[in-house]
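Remarks on the structure that follows.
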Amino acid sequence: MIPGLGQAAPTATFSAPTITATVAVHELRPESEWRFEVAIGQKIEVRIMSGTAELFGTELALNHVYTFRGTKSSIYTWHGCRIEVTGSCEEYTAEETPMLQYANTHFALEKLRDEAHQRQGDGPRVMVVGPNNSGKTSLVKLLTAYAIRTGRQPMVINTDPREGLLSIPGTLTATPFASIIDVEQGWGSSPTSTSSPVPVKLPICYYYGLASPEDNTKLVKPILTRLALASTSRLAEDQIIKETGMIIDTPGIISQGKGGYDLISHIVAEFSINTILVLGSERLHIEMQKRFSAHRTSTGESITLVKLDKSGGCVDRDDTFMQQTQEAAIKEYFFGDSRSTLSPHTQQMGFEDVTIYKIREANALSFLPGGMEEEATGLYEKVEPNPGMLHCMLAVMYATTSDSQDTVRDASVMGFVYVSEVDDKKRRFKVLAPMNTRITDRPMIWGSWPEASMSVIG
Amino acid sequence: MSYGQGPDDIAEDFKSALQDLSINSRFEISNLTIIAKENTEHAFAIAESLKLHIKQTPPQKKLPAFYVLDSIVKNVGTPYTLFFGRQLYATFMEAYALVDTSVRRKMDEMLKTWKEPVPGSMDPRPVFPPELTRPIENALIKAKTSFVQAHQEHLKNQQQQLNRVRSTASPATYRDTPTPPNAYRPPPPNVAPGYAPNYPPQQPYPPPMNGQQYSNQPNGQQPYGLPPRPPSQQYPPQVAAGPPSWQQPPSQGYQVAENSIARLNSDIDKLITTSKAEWAQNPYDNSIGTRLKALLDLQTILQNQQLPPDQIALIKDQVDQLSQASQAANKPQLPSTPVYPPVPVVVAQPPAQQPSLSSILGPSALAALARASATPQPVASMQAATQIRSPQPPYAQPYQPPPPSAPTATSAPEASSLLDRLRAAGMLPAVSTPTTTSTSSSSVPVPPVFPPPYLNTPPTASRTPLATLSNDVVLKPASLKERRPHLISGLYERLGAPCTQCGRRFQADEEGKKKKTAHMDWHFKVHQRMAEAEVRGQHRSWYVDELDWIKSREVEDESGNATTIANNSSAATTTANDPKLQYLAVPDDPALANSLCPICQEKFEMKWLDEAQEFVWMDAKKVGDRIYHASCYAEATKDVNTQIKRGTPEPAGVLGKRKAEASHSF
């Protein structure tokens, strides 16, 4: 490069690899998997030119252009296919995958569902456990997608507060899936005021508000119980879902230690789990066998426990990536995705108008002297809006401001608001709300997860 | 108007001067403008006075009053712009609903000038800021589409009454129609001044000082029979109004002189001619009407848009097929669902076909105006078309283990499949929801909230192919490692051929085909609704609460957002068995729009139903030709085992339903 020849030259050189829309065509052999990572802020377009292909179990349409942004994902083919990829991403093709095992798992579940149909009973309640980044969510998604394709309606339950499912992180949700899962955008979208190119799903949300279930087991357990209660009530009345059963995703952390196993037991009991899929970890498999071999569900069923291979495609998602996906989820909640723009509403409220509970991080508090007192103070601390709330999310609960803390805790979430401005002097603050509804008559919960994020607005 | 001492007097003077203003008089308008200019300190009072005048004055005096407003904002500007801007939407729309077509056209033109800078001014800003004018425009776009459809309906009824269909009707043919006068005879675009005494004619408003020409006729809003403007000048609502523009003779206005397009165009042209002839022979054959309408729409699309070559190629294929088909067998079968209001053959006669907006004058006009957003909009479809990123290939796909059934849907080149595909590609407006085929009410279809019944059937049927597969998998490591290609095929070819948009598979049997048709319609409607919503603004909904969530049911087919929500709100539980009509779309028909419940003699409560995306009458039920309060009717027919209960009809959103829920017990 000749110095001084054109200012633009250096930038052009550096950015060239990412800017040029490279088009690549990949020929995939049958039963192979094309794995790709698209950096946050980047996108690629993928088109299946021939053959068949599926993304976490959802079949991709031929010649339809799918756009992927900031994601780590994979496309699998049973019959072989040819893929055209526009844009740059990290990618490779794997011939060895546990897909056969996973698909067979689905067929085994199908058999249980057929049996359930015949005796008008309950379909399998499946829990997927495994350490972080072992592919739990991907497996849950695959089993869900296969069930949908087979004409079922699985109830998908997320107990991992680290990642939201059709909601923001920090929530625990249950969602019946009756229609195709969005392939471009996580699990799809919860309802908006308009239509979505992929049918929306209707989750019920409970707010935990902390990153790890072990941060406050006194809080997470009753919430899980409540989630189980709602789900089982739905199943009791909804025959199709009942036959199909539940598929439950769990936080990796509870598969990694003693306290966690306790939470696994809690989930097993509350959801009457009768099938546990252990991903990857031999040790966890043994521990689960010890714990549940003699266990009987409330209806006297024994638990089927099976270990599945971890996919070689599982990648570690570092904290930065997790934080970025978290922010993306919040943004999407208010502003929609690349396909449809949502317009949130700014509301201004006085400090006196609102009831806000801050979650106590009980396990941290327990190091303080006087643990008895902590018990008495309850799960939440009532707080006034304060500058510390800036850029935080508040969960608006389906409860009234006069309700007890337990009632508020057990309530489901109506929605979230984002604190965009706190004016201590005027004692007013501004929030971004999904729509223009009065929320001052509802209690709000302020948790530490998702973390405060500047980037949501602007 | 109480702004102190002076203002009252000024406003009073101004008001009395306004009272005298009954025609479009340049002198009076400039006089009033000067008064306004010299009394800017009383601008508020003057503005209020004028606004009030516009509101109260009879329809025929509204336009001159608007011209005063226009003149003031253009020649004086602030602070008037500010004061008028405050209720511009209401001021404009209220008047618009009351005046007749020719005045509306003037108002459209005036609105257009508001979006531009004041002529000759250094200030590049528009007369009124876009955030004020845009809502008006949007509302007009919606209203027009609605009216055009209502009008077609109306015309059709008339034709049936006359029991005569002419393949070429002269404008005069319609002079004696019963719809309000004038409406059918809009002044020919270049009519001489003085055409109608009460209405300002085309030329005579040379605005006092601004030099802006309202009468500058070609301002987009007059495509009837004239060659269209170059796109830059095209007035958006006009494009949006769609139907009027397809009335343009095909040869005109077609500007892209590309060979293939030209040929395509002429092919379509021929097909249209053929169809018209057929139509003339079988005026009651809806299928011909449908096809004709589709062709005309297609023509419009080709004329108004630059389609990407691949889409053009697709259309061409279809048209070729269709031409052959129409030569071979000219009785295309309609799919069960789409029933377009047949298009009168006279469409070729632009002047006669000015949609009679005033056929729905009076109180119902506003309702219909508002309701309009529910009607399919060509503009949306056009946008939707542009949103589609890849060409929509025919169903037959290069697919390696292909089910031979895949191409069945396409093998017979008939109009309906063309429609389906164009619709699927987002190039044609969707037909109204197919649940009712009664022609008299096709403009008031069952709200799209409820899916066609067969969508509600449990999906067991779609699993049947799997039931026959031997499935011996158990959750044991060894069993899970076995290869079972036949089971995998149960996820692919055994499920039928995939949807080209989303990959979902459908059986080739009768039920599968039905589902697929509904599914393609759904895809189309979503494109359309999204395009509309883009304009309107949209937001995330609140999550549902426990009780509703537990009570909600997923319908088997993804019939879209609306379906899911509505079914998930209380409506689902109370009306699931009788999903027909807890509410009705507000009728377009002016006679019906004012109707009272025959039982209680009260009016119906109109409200905007977000899910249905239209204005509806709550608690309304149509029995035969009459509309009752659902609750009154239930009361009256109590012993006849009806399931409708008073208080249930609030299928509205996630929040609204709490009340409804409380009013009946589960």
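The values are calculated or read from the model by the stated rules, or taken from the named source; none is laboratory data. Small disclaimer: the values here were computed from a predicted structure and weren't measured. Reconstructed Cβ throughout: ideal geometry from the backbone, glycine too, with neighbour counts over all protein chains shown.
Scan region B:471-489 for residues that are facing chain A (nearest Cβ under 7 Å), closer than 15 Å to A:Lys307 by Cα, assigned to a helix (DSSP H, G or I) and of a type in the set (A, V, I, L, M, F, W, C) and jot them down.
If the condition is that a residue be facing chain A (nearest Cβ under 7 Å), closer than 15 Å to A:Lys307 by Cα, assigned to a helix (DSSP H, G or I) and of a type in the set (A, V, I, L, M, F, W, C), then B:Leu480 is the only one that fits.
Say whether the condition of being within 30 Å of B:Val526 (Cα to Cα), at the interface with chain B (Cβ under 9 Å from one of its Cβ atoms), touching a helix residue (DSSP H, G or I) at 6+ places or on another chain (Cβ under 7 Å) and modelled with pLDDT of 85 or more is met by at least one residue in region A:345-357.
Looking for residues that are within 30 Å of B:Val526 (Cα to Cα), at the interface with chain B (Cβ under 9 Å from one of its Cβ atoms), touching a helix residue (DSSP H, G or I) at 6+ places or on another chain (Cβ under 7 Å) and modelled with pLDDT of 85 or more, one finds none in region A:345-357, hence no.
Could you list, in sequence order, the residues of region A:106-143 that are under 17 Å from the mean Cα position of the chain (by Cα) and either of a type in the set (Lys, Arg) or assigned to a loop (DSSP other than H, G, I, E, B) (or both)? Give the derivation first.
Step one: filter region A:106-143 for residues under 17 Å from the mean Cα position of the chain (by Cα), giving A:126-143.
Correct list: A:Gly130, A:Pro131, A:Asn132, A:Asn133, A:Ser134, A:Gly135, A:Lys136, A:Lys141.
So which residues in region A:74-95 are in contact with a helix residue (DSSP H, G or I) (Cβ under 7 Å, 6 or more places away or on another chain) and either in a strand (DSSP E or B) or at pLDDT below 95 (or both)? Spell out how you get there, then give the answer.
Our first condition is that a residue be in contact with a helix residue (DSSP H, G or I) (Cβ under 7 Å, 6 or more places away or on another chain); within region A:74-95, this holds for A:76, A:78, A:88.
A:Tyr76, A:Ser88 - these are the residues of region A:74-95 that are in contact with a helix residue (DSSP H, G or I) (Cβ under 7 Å, 6 or more places away or on another chain) and either in a strand (DSSP E or B) or at pLDDT below 95 (or both).
I'd like to verify a number: residues in region A:180-192 that are facing chain B (nearest Cβ under 8 Å) and buried (at least 24 other Cβ atoms within 10 Å of the Cβ), how many? So that I can check it myself, show each step before the final result.
Step one: list which residues in region A:180-192 are facing chain B (nearest Cβ under 8 Å), which gives A:180, A:190-192.
Now narrow it down to the ones that are buried (at least 24 other Cβ atoms within 10 Å of the Cβ): A:190-191.
Matching residues across region A:180-192 total 2.
What's the total number of residues in region A:402-436 that are under 20 Å from A:Tyr206 (Cβ atoms) and hydroxyl-bearing (Ser, Thr, Tyr)? Walk me through it before giving the result.
Of all residues in region A:402-436, those under 20 Å from A:Tyr206 (Cβ atoms) come to A:403-418, A:433-434.
Still in the list and also hydroxyl-bearing (Ser, Thr, Tyr): A:404, A:407, A:412, A:418.
So the count comes out to 4.
Checking B:Thr500 against (1) free of Cβ contacts under 8 Å to residues at least 12 places away in the same chain; (2) in a loop (DSSP other than H, G, I, E, B); (3) at negative phi, only one condition comes out false. Which one?
(1)
Does A:Met444 meet the test of being at pLDDT 95 or above, out of contact with any Gly (no Cβ under 7 Å at 6 or more places or on another chain) and within 21 Å of A:Cys205 (Cα to Cα)? Working first, answer last.
Working: at pLDDT 95 or above: yes; out of contact with any Gly (no Cβ under 7 Å at 6 or more places or on another chain): yes; within 21 Å of A:Cys205 (Cα to Cα): yes.
Answer is yes for this residue.
Each row is one residue, and each column tells you yes or no for (1) in contact (Cβ under 8 Å) with a residue 24 or more places away in the chain; (2) touching a strand residue (DSSP E or B) at 6+ places or on another chain (Cβ under 7 Å); (3) within 9 Å of chain B (Cβ to nearest Cβ); (4) surrounded by fewer than 20 Cβ atoms within 10 Å (Cβ to Cβ).
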| position | (1), (2), (3), (4) |
| --- | --- |
| A:Pro30 | yes, yes, no, yes |
| A:Ile40 | yes, yes, no, yes |
| A:Glu45 | yes, yes, yes, yes |
| A:Gly51 | yes, yes, yes, no |
| A:Gly57 | yes, no, yes, no |
| A:Ala61 | no, yes, yes, no |
| A:Lys72 | yes, yes, no, no |
| A:Tyr76 | yes, yes, no, no |
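Name the one entry in B:Arg166, B:Arg134 that is at pLDDT 80 or above, surrounded by fewer than 23 Cβ atoms within 10 Å (Cβ to Cβ) and not assigned by the TED database to the domain that holds B:Lys15. Spell out how you get there, then give the answer.
Details: B:Arg166 fails: at pLDDT 80 or above.
Residue meeting the stated conditions: B:Arg134.
Quick check: is even one residue across region A:222-233 within 15 Å of A:Val128 (Cβ to Cβ) and crowded, with 22+ Cβ neighbours inside 10 Å? Can you show your working first?
Here is the first cut: in region A:222-233, the ones within 15 Å of A:Val128 (Cβ to Cβ) are none.
So far as region A:222-233 goes, no, none of its residues is within 15 Å of A:Val128 (Cβ to Cβ) and crowded, with 22+ Cβ neighbours inside 10 Å.
One residue is enough: does region A:82-101 have a residue meeting the conditions within 7 Å of chain B (Cβ to nearest Cβ), out of contact with any Gly (no Cβ under 9 Å at 6 or more places or on another chain), in contact (Cβ under 8 Å) with a residue 12 or more places away in the chain and not basic (Lys, Arg)?
Our first condition is that a residue be within 7 Å of chain B (Cβ to nearest Cβ); within region A:82-101, this holds for A:100-101.
Pick out the ones that are also out of contact with any Gly (no Cβ under 9 Å at 6 or more places or on another chain) and you get A:100-101.
The next check asks that each one be in contact (Cβ under 8 Å) with a residue 12 or more places away in the chain; those that pass are A:100-101.
If we keep only those that are not basic (Lys, Arg) as well, we get A:100-101.
Checking region A:82-101: at least one residue is within 7 Å of chain B (Cβ to nearest Cβ), out of contact with any Gly (no Cβ under 9 Å at 6 or more places or on another chain), in contact (Cβ under 8 Å) with a residue 12 or more places away in the chain and not basic (Lys, Arg).
For region A:393-431: of the residues being part of a loop (DSSP other than H, G, I, E, B) and of a type in the set (S, T, N, Q), which is farthest from the chain's Cα centre (by Cα)? Explain how you work it out, then say what you get.
Going residue by residue through region A:393-431, those that are part of a loop (DSSP other than H, G, I, E, B) are A:398-404, A:411-412, A:424-427.
Narrowing the set further to residues that are of a type in the set (S, T, N, Q) leaves A:400-402, A:404, A:412.
Details: A:Thr400: 27, A:Thr401: 29, A:Ser402: 31, A:Ser404: 29, A:Ser412: 17 Å.
Checking each candidate, the answer is A:Ser402.
A:Thr346 versus (1) more than 30 Å from A:Glu91 (Cβ to Cβ); (2) among the β-branched types (Val, Ile, Thr); (3) crowded, with 17+ Cβ neighbours inside 10 Å: which is the lone unmet condition?
(3)
Would you point out the residue of region B:63-102, among those that are among the charged types (D, E, K, R) and buried (at least 23 other Cβ atoms within 10 Å of the Cβ), that is farthest from B:Ala143 (Cα to Cα)?
Let us first name the residues in region B:63-102 that are among the charged types (D, E, K, R), namely B:70, B:74, B:86, B:94, B:100.
Still in the list and also buried (at least 23 other Cβ atoms within 10 Å of the Cβ): B:70, B:74.
Working: B:Asp70: 23, B:Lys74: 27 Å.
The qualifying residue farthest from B:Ala143 (Cα to Cα) is B:Lys74.
Scanning region A:114-141 for residues that are within 11 Å of chain B (Cβ to nearest Cβ) and modelled with pLDDT of 95 or more, which turns out farthest from A:Asp182 (Cα to Cα)?
A:Pro124
When residues of region B:132-151 are filtered for being under 8 Å from the mean Cα position of the chain (by Cα) and free of Cβ contacts under 8 Å to residues at least 12 places away in the same chain, how many remain?
0
Please give the number of the condition A:Val278 fails out of (1) in contact with a helix residue (DSSP H, G or I) (Cβ under 9 Å, 6 or more places away or on another chain); (2) at pLDDT below 95.
Failed condition: (2).
Can you tell me which residues in region B:103-122 are touching a residue at least 24 places away in the same chain (Cβ under 8 Å) and surrounded by fewer than 20 Cβ atoms within 10 Å (Cβ to Cβ)? Before the answer, list the steps.
Kept after step one, since they are touching a residue at least 24 places away in the same chain (Cβ under 8 Å), are these residues of region B:103-122: B:103-114, B:118-120.
Once the filter is applied, which keeps residues that are touching a residue at least 24 places away in the same chain (Cβ under 8 Å) and surrounded by fewer than 20 Cβ atoms within 10 Å (Cβ to Cβ), region B:103-122 yields B:Pro119, B:Gly120.
Which residue out of B:Leu491, B:Leu480 is within 48 Å of the chain's Cα centre (by Cα) and of a type outside the set (Val, Ile, Thr)? Working first, answer last.
On the way: B:Leu480 fails: within 48 Å of the chain's Cα centre (by Cα).
Result of the check over B:Leu491, B:Leu480: B:Leu491.
Sort out which residues of region A:193-223 are more than 14 Å from chain B (Cβ to nearest Cβ), among the hydrophobic types (A, V, I, L, M, F, W, C) and in contact with a Gly (Cβ under 7 Å, 6 or more places away or on another chain), and write them in order of number. Break it down stepwise before answering.
Keep residues of region A:193-223 that are more than 14 Å from chain B (Cβ to nearest Cβ), which gives A:208-222.
With the extra rule that they be among the hydrophobic types (A, V, I, L, M, F, W, C), the set shrinks to A:210-211, A:219-220.
Scanning region A:193-223 gives a single hit, A:Leu210.
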